[in-house]
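Only one structure is covered here, and it is reproduced in the block below.
The values are calculated or read from the model by the stated rules, or taken from the named source; none is laboratory data. This one's a predicted model, so the numbers in the text were calculated from it and none came from an experiment. All Cβ positions, even for glycine, are placed from backbone atoms using ideal geometry, and neighbour counts span all protein chains on display. Just so you know, the surface numbers come from the protein's heavy atoms only, side chains and all, with ligands and any DNA or RNA stripped out. Shrake-Rupley method; radii C 1.70, N 1.55, O 1.52, S 1.80 Å.
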Amino acid sequence: DARAYLDRFEFHFTPKHGSWLNMAEIELSALTTQCLNQRIPDAATLRTEVAAWETDRNEATVSIDWQFTADDARTKLLRLYPTITEKKQD
């Protein structure tokens, strides 16, 4: 029974760090401003509108241009990054 349940699921790695969450928020914001900024009368129209928006977005190969580099993060968020100190041998 366990194998049958396991075969029904498809697992995807979804990192919990901020970049993944930021990308999801950016996409939802784009969906809201570009597609859902109008009155949509019913669920069927909503599905059609979202599918059309998704197709256009994918065909345009929209990507996110991250301006905040790892070095910037280490500088700005210094208190969150641990420092490695070597132990002196006597």
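Using the structure shown, decide if Glu10 is part of a helix (DSSP H, G or I) and either at pLDDT 85 or above or open to solvent by 70 Å² or more (accessible area, probe 1.4 Å) (or both). Against the criterion (part of a helix (DSSP H, G or I) and either at pLDDT 85 or above or open to solvent by 70 Å² or more (accessible area, probe 1.4 Å) (or both)), Glu10 does not qualify. One residue stands out in region 62-90 among those that are assigned to a loop (DSSP other than H, G, I, E, B) and modelled with pLDDT of 80 or more: the one that is surrounded by the most Cβ atoms within 10 Å (Cβ to Cβ), namely Val62. May I ask you to list pairs of residues, at least six apart or on different chains, whose Cβ atoms are under 6 Å apart, with the first in region 25-54 being over 23 Å from Trp66 (Cβ atoms) and the second being not in a loop (DSSP other than H, G, I, E, B)? If the second residue must be not in a loop (DSSP other than H, G, I, E, B), the pairs left are Cys35/Glu49; Cys35/Trp53; Ile40/Leu46. Looking across region 37-61, the residues that are under 19 Å from the mean Cα position of the chain (by Cα) and open to solvent by 70 Å² or more (accessible area, probe 1.4 Å) come down to Glu54, Asp56, Asn58, Glu59, Thr61.
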